[in-house]
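Here is the structure we will look at, set down as structure tokens.
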Amino acid sequence: MATILFSAGDQSGEAHAAALARALRARLPGLRLLGLGGAKMRAAGVEIVVDQRELAVGGIVELIPELLRIVGAWRRLSRALKESRPDLVVLVDSGGFNLPFARRVRRRSDARILYYIAPQVWAWRPGRIRRLAAAADRIVVCLPFERDYYARRGVAVEAPGHPLVDAFAAVRAAEPPGETPEERRVRVRRALDLPQDVPVVGLFPGSRRSELTRHLPLQLAAFERLREREPALAGAQAIVGLAAGFGEAEARRAARGALPAAGGGAVRCLPMDDGALLDALDVALAKPGTITLEAALRSCPMVVMGRVHPLTAWIARRSAQVRFVALPNLLVEEEIVPELLQADATPDRIAERLAPLFSGPARARQLAGLARAAVRLGPPGAIERTAETVEAMLATARA
């Protein structure tokens, strides 16, 4: 029986790893799957030896308070590598953890290494591309421009498409046939017990503890500023989209008192689940990341905001290679989604950028741009194509 060890250190990567695990179990029912992950991977049949929440921290300086927990996760995953003796190790994103772990796999195991959803070396810290090429037997990327980026640097990669498109296609396939966007909005709002006749803003602070603490108070302040400044939006409601592992109690602690004061019932917390919440929204306010692609696929206008520790921002600026941080902007190579980062991310500026997106020309322009971005992600099928790669690697490993 073949064994695969997964390492998926963040929630978007964990969701894609879970989808890959399901596809592999359908192809090779006798597989043993184990590793670092979360609830979605566990439901897909992966034995979780390290909980992904232990690595739910982003940035550079932000890692320091979490070092003991990260070291503990490293040790347990290394123990699992030694004891399980896997045929294949699948590393999913999270370059800060997975690239060093790949070196350990090389030193202490005969397992082949697949880097699935390679870290964004094209965005910053480009020197990692050589480490990545040396660490992995095969590399899978998911954004359309990544293949050319690697090819120009002499590194061969596979580009089967974006797994998020598969997840989105599955959700749409399960919906009532012929449902219009307006009918979908009514249905989803009814299911979530949201009012049909008021504007609804989605607040997405992020899936890491540091992001929740840093972003949620600012997002709530921007929502209140929006309601104060725009008479047509005075009755708006906000939904805080909580990533897996976060509950309302944790959101309230992170909000530092802003959540109860945000308008007498005008703010609710709901789990993200499969992303259906986005179909109920008029506009989203999101941190950079996978959530922006989900919003693009679901035609939800958005503003992207983000803050990190000033030292982390300084380091990132010194090695940044891209003009944008929002993935839809990167896909279409222009700023269709407003980006407000660091000192620019203030309640006033965020509210100013959100207001025109509820109706009118600004909303129409962004929706057109999001449609172009969604098309550039390509068709469904990425998961099955990646599963084919895994199956071929296992066959070689056993030969």
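The values are calculated or read from the model by the stated rules, or taken from the named source; none is laboratory data. Everything quoted here is computed from the prediction, not taken from an experiment. Every residue, glycine among them, receives a Cβ derived from its backbone with ideal geometry; neighbour counts consider all protein chains shown.
Within segment 50-67, identify whether any single residue is part of a loop (DSSP other than H, G, I, E, B) and either at positive phi or modelled with pLDDT of 90 or more (or both), and answer yes or no.
So the first thing to find is which residues in segment 50-67 are part of a loop (DSSP other than H, G, I, E, B), and the list is 56-60.
Then drop every residue that is not either at positive phi or modelled with pLDDT of 90 or more (or both), which leaves 59.
Yes: one or more hits.
Suppose we keep only residues that are within 16 Å of the chain's Cα centre (by Cα) and modelled with pLDDT under 95 within segment 299-325. Which one would you say is nearest to Ala221 (Cα to Cα)?
For segment 299-325, the residue satisfying everything is Gly306.
Would you say Asp87 is charged (D, E, K, R), more than 22 Å from the chain's Cα centre (by Cα) and crowded, with 19+ Cβ neighbours inside 10 Å? Before you say what the answer is, go through the steps one by one.
On the way: charged (D, E, K, R): yes; more than 22 Å from the chain's Cα centre (by Cα): yes; crowded, with 19+ Cβ neighbours inside 10 Å: yes.
Spelling it out, Asp87 is indeed charged (D, E, K, R), more than 22 Å from the chain's Cα centre (by Cα) and crowded, with 19+ Cβ neighbours inside 10 Å.
Show me the helices (runs of 4 or more DSSP H) found entirely inside segment 329-399 where at least 1 residues are surrounded by fewer than 20 Cβ atoms within 10 Å (Cβ to Cβ) and of a type in the set (Asp, Glu). Steps first, please.
Values: elements: 347-354, 361-376, 382-398.
Those helices (runs of 4 or more DSSP H) span 347-354, 382-398.
In segment 1-30, which residues are surrounded by fewer than 18 Cβ atoms within 10 Å (Cβ to Cβ) and in a loop (DSSP other than H, G, I, E, B)?
Matches in segment 1-30: Met1, Leu28, Pro29, Gly30.
State which residue is modelled with the highest pLDDT when the search covers only segment 266-281 and only residues that are assigned to a loop (DSSP other than H, G, I, E, B) and in contact with a helix residue (DSSP H, G or I) (Cβ under 7 Å, 6 or more places away or on another chain).
Just the residues of segment 266-281 that are assigned to a loop (DSSP other than H, G, I, E, B), to begin with: 266, 272-275, 281.
From what is left, the residues that are in contact with a helix residue (DSSP H, G or I) (Cβ under 7 Å, 6 or more places away or on another chain) are 274-275.
Values: Asp274: 73, Gly275: 79.
Ranking the candidates gives Gly275 first.
In segment 265-283, is there at least one residue being among the β-branched types (Val, Ile, Thr), assigned by TED's automatic domain parsing to the domain that holds Leu354 and either in contact with a Phe, Trp or Tyr (Cβ under 7 Å, 6 or more places away or on another chain) or buried (at least 21 other Cβ atoms within 10 Å of the Cβ) (or both)? Please lay out each step first, then the result.
From segment 265-283, those among the β-branched types (Val, Ile, Thr) are 267, 283; that's our starting set.
Subset that is assigned by TED's automatic domain parsing to the domain that holds Leu354: 267, 283.
Retained after the next criterion (residues that are either in contact with a Phe, Trp or Tyr (Cβ under 7 Å, 6 or more places away or on another chain) or buried (at least 21 other Cβ atoms within 10 Å of the Cβ) (or both)): 267, 283.
Checked against the condition, which is being among the β-branched types (Val, Ile, Thr), assigned by TED's automatic domain parsing to the domain that holds Leu354 and either in contact with a Phe, Trp or Tyr (Cβ under 7 Å, 6 or more places away or on another chain) or buried (at least 21 other Cβ atoms within 10 Å of the Cβ) (or both), segment 265-283 yields at least one hit.
If a residue counts only when it is touching a helix residue (DSSP H, G or I) at 6+ places or on another chain (Cβ under 8 Å) and under 23 Å from Leu297 (Cα atoms), which helices (runs of 4 or more DSSP H) contained entirely in segment 136-249 have at least 1 such residues?
Working: elements: 146-152, 163-173, 181-191, 209-229.
Passing ranges, in order: 163-173, 181-191, 209-229.
Are any residues in segment 31-44 in a loop (DSSP other than H, G, I, E, B) and more than 21 Å from Ala395 (Cβ to Cβ), and if so, which ones? It would help to see each step written out before you state the result.
In the first step, residues of segment 31-44 are kept if they are in a loop (DSSP other than H, G, I, E, B); the result is 31, 38, 44.
Scanning segment 31-44 gives Gly38, Ala44.
If Ser109 passes every condition in (1) in contact with a Gly (Cβ under 8 Å, 6 or more places away or on another chain); (2) assigned by TED's automatic domain parsing to the domain that holds Ala39; (3) not aliphatic (A, V, I, L, M) but one, which one does it miss?
With (1) in contact with a Gly (Cβ under 8 Å, 6 or more places away or on another chain); (2) assigned by TED's automatic domain parsing to the domain that holds Ala39; (3) not aliphatic (A, V, I, L, M) applied to Ser109, the lone miss is (1).
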